[in-house]
Amino acid sequence: MGLHELAAAQPLLIGLLLLWSSYGEFANADQAERTALPRLVGESHARLAYQTVGGIEAMVALALLLPPAWTIEAVAAVALAVGFTGFLGYSKVVVPEASCGCAGKSAKPVGNRAIGRALLLLATAALATTATAGWWSAGAASLVLIPEAAAFVMLSVELDRYWLLPLRRFRIRLSHPYAGTATNTAPLAATQRRLLLSPAYRAVDGYLRSDIHDYWDDEDWRYVSYTARYDGRSATAVFAVPHHDSTPESIRVAVVEETTGLTLYRPTVLATTG
């Protein structure tokens, strides 16, 4: 398996990624308002610019996926990747609260993972420019696309709910100080209302960085998690909400470090405001 075979395989992955991104930009056109495009091209043109990029992505993707194989297709993919990387860098510096808008629905601000994904796309597209045959001729070299696709998944915050959140929930269940006890009878909206009125929520409100990120029931408790930041460290705030005690004081909370599961903060005395 030589470099030419590896290069030939790349257009398959790049084309599928661009099609996925294009679909997200057409299916969720309102995401344009959450990106840096309103600042860059004006609010009245943001949606049109967003969908224009989606259309260009779709055309490049189809050119990469369908025969014949031309070098210009990979060059176009390189140009797109350079544009993505530059736009994300602009977003992070000029409009730090803006989301990526790359694919799917995500309100998270542009982060290192999004920029890393754009750089990975740039690297694969640059390799594809050296191909002398189509992806359908890559043979066993196509197997390299499996770890490459895994890397793209890990860098895509839009896909976190399919792999990262289940892993996070499993880790929290193992390490969280309130783990071990909930039924699935209460609607999530009702649980959220109880949370917002609780002393536990007020105690950690300043650390929260998201809306409800995940929740699960375990016997008599419902656990609700939010992304958080505590003392400069990435963390998860986990609330324990009892099903059979509706008093605000019964809700408990702990802030757990993202990487180690160490409890960073757990209020011991929670009182209602008078």
Problem set entry | Global size of region 1-156 as Cα Rg and Dmax, reported in angstrom | 15.6, 50
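Any idea what the relative contact order of region 60-122 is, in percent, if you count C-alpha pairs under 8 Å spaced at least 6 apart? Could the numbers behind the result be given before it?
Working: 49 pairs, mean separation 19.0, N = 63.
Relative contact order here is 30 percent.
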For this session: Provide, for q = 0.08 Å⁻¹, the log10 of I(q)/I(0) from a solvent-free Debye sum over equal Cα point scatterers in the chain.
Result: -0.44
Exercise. Taking only protein heavy atoms and a 1.4 Å probe, what accessible area per residue, in Å², does region 218-270 have with all protein chains in place?
Worked result: 46
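Let me have the relative contact order for region 1-153, percent, based on Cα pairs under 8 Å that are six or more residues apart. Don't jump to the answer; show the numbers that get you there.
On the way: 219 pairs, mean separation 60.2, N = 153.
Once normalised by length, the contact order is 39 percent.
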For this session: Please turn the phi angles of region 237-248 into ³J(HN,Hα) values with the Karplus equation 6.51 cos²θ - 1.76 cosθ + 1.60 (θ = phi - 60°), one per residue in order, whole Hz, x for glycine and proline.
Result: 8, 10, 9, 9, 10, x, 6, 10, 9, 8, 6, x
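Which order do peptides 242-251, 51-60, 90-99 fall in by mean Cβ count within 10 Å, highest first? Write down the numbers at each step before the final one.
On the way: 242-251: 14.5, 51-60: 18.2, 90-99: 16.2.
So the peptides 242-251, 51-60, 90-99, ranked by packing, come out 51-60, 90-99, 242-251.
Calculate what fraction, in whole %, of the accessible area of the chain sits on carbon and sulfur atoms when a 1.4 Å probe is rolled over the protein chains.
Ligands and nucleic acids excluded, carbon and sulfur give 63 percent.
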For this session: Grab the DSSP H runs of the chain that are 4 residues or longer, score each as -39,500 (n - 2.57), total them, divide by all residues and round the 222 nm result to the nearest 500 deg cm²/dmol.
Result: -16000 deg cm²/dmol
Seminar exercise, completed: Treating every alpha carbon of region 24-70 as one equal point scatterer without solvent, the Debye formula yields log10 I(q)/I(0) values at q = 0.28 Å⁻¹ of -0.93
For this session: May I ask for the distance between the Cα centers of region 79-94 and region 189-205, given as a whole number of Å?
Result: 37
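Could you sort TRP20, TRP221, TRP70 by accessible area so the largest value comes first, with the probe set to 1.4 Å? Write out the running numbers ahead of the final one.
Details: TRP20 85, TRP221 40, TRP70 160 Å².
Result of the area sort, largest leading: TRP70, TRP20, TRP221.
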Problem set entry | J(HN,Hα) series, region 85-90, from Karplus relation 6.51 cos²θ - 1.76 cosθ + 1.60, nearest Hz, glycine and proline x | 4, x, 5, 5, x, 4
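The values are calculated or read from the model by the stated rules, or taken from the named source; none is laboratory data. Treat the numbers as computed from the prediction; the structure is a model and nothing was measured. Heads up, the Cβs are rebuilt from the backbone with ideal geometry, glycines too, and the neighbour counts pull from every protein chain shown. Calculation scope for accessible area: heavy atoms of the full protein, side chains included, ligands and nucleic acids excluded. Shrake-Rupley method; radii C 1.70, N 1.55, O 1.52, S 1.80 Å.
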